[in-house]
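The values are calculated or read from the model by the stated rules, or taken from the named source; none is laboratory data. The structure displayed is predicted, hence computed values, not measured ones. Heads up, the Cβs are rebuilt from the backbone with ideal geometry, glycines too, and the neighbour counts pull from every protein chain shown.
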Amino acid sequence: MRDHVEGSNTMRPDRTLAAGPDPARLWVARIALLALAAAGLYQGLWAQLAPQSFFQDFPNGMGWVATEGPYNEHLVRDIGGLVNGMAVVALVAAWRPSRPLFLAAGLGWLVYSVPHFVFHLSHPLDDSSMQALNVVVLVTEILLPLLGLLGATASARETR
């Protein structure tokens, strides 16, 4: 909204609409991105540093990856590196918050997590209780990036 400046033909921005960053949104976004980074580094470092173990044992000794086909060290290490890269972007966004970093981290994780979720829904685990747990974890991998995107909207109500 604009108001008229007395004695002039110009309009100026209405300063009452200006709002600074919402601290609560920023903290929620930062915590969500730190949680994503921790999960990413857990998986990514394991896959890069011990690819055979990751393939055979992930998660937590259950061997879910090994049921999907033959071991490929190159693929496991590359996926580990990609997840580590995503974790680093999330860490940087949490450490030095800015709208572009929140967008990059949140959208990047969504690009990864939504197809991952769809795959696991269409290829369920044999154990229904494990499948239920897996779905909960994978939904969290979608919710956390959405919460991370709150950081991008924390200061969206800028003066225009």
*Any residue in the range 32-45 that is exposed (fewer than 15 other Cβ atoms within 10 Å of the Cβ), aromatic (F, W, Y) and out of contact with any Lys or Arg (no Cβ under 8 Å at 6 or more places or on another chain)?*
yes
*Qualifying positions in the range 49-62 - more than 18 Å from H116 (Cβ to Cβ) and surrounded by 12 or more Cβ atoms within 10 Å (Cβ to Cβ)*: A50, P51, S53, Q56, D57
*asked:* Could you go through the range 11-28 and let me know if any residue there is of a type in the set (G, A, S), modelled with pLDDT under 95, over 30 Å from D127 (Cα atoms) and in a helix (DSSP H, G or I).
replied: yes
_The one condition in (1) modelled with pLDDT of 95 or more; (2) buried (at least 17 other Cβ atoms within 10 Å of the Cβ) that V118 fails to fulfil_ = (2)
*Only one of these conditions is not met by E68: (1) surrounded by fewer than 16 Cβ atoms within 10 Å (Cβ to Cβ); (2) at pLDDT below 95; (3) closer than 17 Å to L143 by Cα. Which number is it?*
(3)
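Can you name every one of the helices (runs of 4 or more DSSP H) wholly within the range 48-160 that holds 2 or more residues which are closer than 19 Å to L36 by Cα and under 16 Å from the mean Cα position of the chain (by Cα)? Step through it out loud before you land on a result.
Values: elements: 51-57, 73-95, 99-122, 128-148, 150-153.
The qualifying helices (runs of 4 or more DSSP H) are 73-95, 99-122, 128-148, 150-153.
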